[in-house]
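The values are calculated or read from the model by the stated rules, or taken from the named source; none is laboratory data. Because the structure is a prediction, the values reported are computed rather than measured. Note: ideal-geometry Cβ built from the backbone for every residue, glycine included; neighbour counts use all protein chains shown. Ligands, DNA and RNA are stripped out before the accessible areas are found, and what is left, the full protein with its side chains, is counted by its heavy atoms. Shrake-Rupley method; radii C 1.70, N 1.55, O 1.52, S 1.80 Å.
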Amino acid sequence: MRVLVVEDHRMLSGLITAGLRREAMAVDVALDGHAALAQVAVTRYDVVVLDRDLPGVHGDEVCRRIVASGSGTRMLMLTAAGTVRDRVEGLDLGADDYLPKPFDFAELVARVRALGRRCTPALPPVLDNGDLSLDPNRRVATRGGRRLDLSPKEFAVLAHLLAAGGRVVSAEELLERVWDEATDPFTTTVKTTIGRLRAKLGQPPAIHTVREGGYRTGEP
């Protein structure tokens, strides 16, 4: 899942970003409304976590423009004002969900995940291929009944490949959907992560390289 966190409070934006990345999400950050609009113009985000009271361009206007773009991006609006009227105003602007500050981080994660599911085709609760199984909600992956110890990025790559259902997934697609703006697109990040993942999955190979194409799961 690709997420944009738009929050002008640097400490809070840093905490949200670090926490969502631990949940295997690719997260970018914008500290004001101008930066947010510039980023959504060039990157397709599944979810935008949007602070309503932003400098530059107000969060309400950011919300309106994203909705008007027809991108299908889901928006979770954050604000220190938590009255019913405030929530109604935020939803009327086009936000998909509304969370008043202060909030419990587990609830934020659950709401972001729920919005992410709404912007992608429905998937089964457990992704599997042969003896390989992955439960995105419980964050558990197993092979042959053996639980796999995967890093957040390894888990996210495996989830994306399994969700593709045997379709060839390019390295560029993995960079866009699993990593974020902090990643150098000219590095061997994808290849290195795939190598570590293959080692943890063991034999027989579960991830196959398609020459000049990318990677896929299933039979060779």
Within the stretch 73-93, work out how many residues are at pLDDT 70 or above and open to solvent by 50 Å² or more (accessible area, probe 1.4 Å).
-> 7
From the set of residues in the stretch 22-50 that are modelled with pLDDT under 90 and either open to solvent by 10 Å² or more (accessible area, probe 1.4 Å) or among the polar types (S, T, N, Q) (or both), which is farthest from residue 73 (Cα to Cα)?
-> 22
Taking interchain pairs and intrachain pairs at least six residues apart, which have beta carbon atoms under 9 angstrom, with the first residue in the stretch 194-214 and hydroxyl-bearing (Ser, Thr, Tyr) and the second open to solvent by less than 70 Å² (accessible area, probe 1.4 Å) and part of a helix (DSSP H, G or I)?
-> 209/194
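Being of a type in the set (A, V, I, L, M) and more than 19 Å from residue 178 (Cα to Cα): is that true of residue 68 here?
Working: of a type in the set (A, V, I, L, M): yes; more than 19 Å from residue 178 (Cα to Cα): yes.
Judged against the criteria, residue 68 is a match.
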Here the residues within the stretch 164-189 that are at pLDDT 90 or above and closer than 20 Å to residue 149 by Cα are none
Tell me the helices (runs of 4 or more DSSP H) entirely within the stretch 94-184 that contain at least 3 residues that are open to solvent by 50 Å² or more (accessible area, probe 1.4 Å) and more than 21 Å from residue 200 (Cα to Cα).
-> 105-118
